1. So if I check each of Val306, Val330, Val313, which one is of a type in the set (Val, Ile, Thr) and over 34 Å from the mean Cα position of the chain (by Cα)?
2. Please state which of the following conditions Arg340 fails to meet, knowing it meets all the rest: (1) closer than 24 Å to Tyr311 by Cα; (2) of a type in the set (Lys, Arg); (3) at pLDDT below 90.
3. Of all residues in segment 272-294, which are part of a loop (DSSP other than H, G, I, E, B) and buried (at least 20 other Cβ atoms within 10 Å of the Cβ)?
4. Restricting to segment 360-374, name every residue that is farther than 17 Å from Ala317 by Cα and part of a helix (DSSP H, G or I).
5. Looking only at segment 321-356, count how many residues are of a type in the set (S, T, N, Q), buried (at least 18 other Cβ atoms within 10 Å of the Cβ) and within 18 Å of Asn294 (Cα to Cα).
6. Can you find a residue that is farther than 28 Å from Asn277 by Cβ and not acidic (Asp, Glu) anywhere in segment 345-353?
7. Take the conditions of a type outside the set (A, V, I, L, M) and closer than 30 Å to Asp293 by Cα and apply them to Lys400. Does it pass?
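The values are calculated or read from the model by the stated rules, or taken from the named source; none is laboratory data. Not measured: the values here are computed from a predicted model. Ideal geometry is used to build each Cβ from the backbone, glycine not excepted, and the neighbour counts take in all protein chains shown.
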Amino acid sequence: MKISLLIAAIIVGIASYFGLEQKERIKHLTTGWEELKTTAIEKKIPTDPKTPFSSQRIRSDSARAAREKAVNDFAAELAAFAQRMETIRDSDDKAEIQKEVIGYLDKLTNMTPNDVKSFVKALSADTSIKDDTKRELIMMSIMMSSSGNPEAALALISESGVSPGLESQSRHMLPMVLSQYATKDPAGAAAWLAENGNQLGEKEDDMKKLLITSMAQQDFSSALSMIETLNISDEENVYGLLAAGVKAGSQDAFLKSLRNDKLTKEQRQAALGSFVNSPFIKGDFGTATAWLDNPELSKADKESIVKGLHYHVTQKAPDQWLGWIDEQEVKSEATEHATRQILSGWTQDNFVAAGEWIQTREDGPTKNTAVKTYAETLAPHEPVAAADWAATLPESPERKHLLQTIHSSLKKKDAAAAAALVEKHQLEVDGNQD
């Protein structure tokens, strides 16, 4: 019995000895695991044993560190070059310097947004170059990256803009970068502008208009919504920007977007009036006029569009546009206004061709409007010829007033001819016979 107790005691003693040793081993392993886990977290290695190991992550971190070091080295190299440029002399080899500059620009062009961010950070911390030089290098690097990634460039400008002395320079660059962003992503640019528009100062409204124009080239309804959200001070005229994106095939969508209950009559008229400046109207004369003659276009809308016609948008075929206006069954204030606007610009651009066109027209309201406009435009430059044209108009108070206006221009160049004009047409000048 005693022997059995002794054996049991020995067994318990052995078990206790090995148990204590196992605890020490477990404690040691636990400490090692915690240290290993801390190192893994620092190196962004998963600590969950179930997660498959990937050597790619380690290689990626290593490549990122190497890339950042290369960018920092380039920043230091460029800073050293900038210092050297401050001591350049006329006798130095300019060709070699230009070669270096091209090399630097090439590297800047190939930078990713993250590279540029690291580059800006490294330059900002560099104390070896003057602040003015540092600012120029930072802005140049951001500008070089803006064409490929304007959104990232905007973020960098915003970050840099808070630095003393850098804000004024960033104001000049912001519009350029924002316009690049607007071309690629109008909605994204609008969101940025709504949050950071105060950085643009007095150019804020101009950039908002640019965004609306860019959005209109993609979607008219979205452009309308953007006008509401951007809060533009010049809202009265901003609706005229909508037609900038109307091309052949999108004119119906443009009109449909204007059937918006939220638009006032004035806002809709402004949008319709600007339609003449669209690529659609400036394009093919036949296509544009065929659409304008479509019965589905309301008379009111057609009047608004016709009234906005002018020489700049019709200069590819001013004679055809004037002929089309003359052929309209109903002559109105809109057709008269369009005739005057087109013919005035055409006369200034090519008075011979404009005069020849007038001579082909039959007598009537359109020809009278054309002759009056032609004579008024000629008067300051060729008053004698202008008087001859004015004399072909039917007798009326308007004709007499036009001749009196021509007389004012003529007497400055030829007093005798001016006196003859007064006598021939029995004009009253300042209430007296000349």
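1. Only one candidate passes the filter, namely Val330.
2. For Arg340, the failing item is (3).
3. Ser278
4. Hits for segment 360-374 are Pro365, Thr366, Lys367, Asn368, Thr369, Val371, Lys372, Thr373, Tyr374.
5. Residues in segment 321-356 being of a type in the set (S, T, N, Q), buried (at least 18 other Cβ atoms within 10 Å of the Cβ) and within 18 Å of Asn294 (Cα to Cα): 1 in total.
6. No - not one qualifying residue is present in segment 345-353.
7. Answer is no for this residue.
Quick grid of which residues meet (1) at pLDDT 90 or above; (2) outside any helix (DSSP H, G or I); (3) among the basic types (Lys, Arg):
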| residue | (1), (2), (3) |
| --- | --- |
| Asp261 | no, yes, no |
| Ala270 | no, no, no |
| Glu296 | no, yes, no |
| Glu303 | yes, no, no |
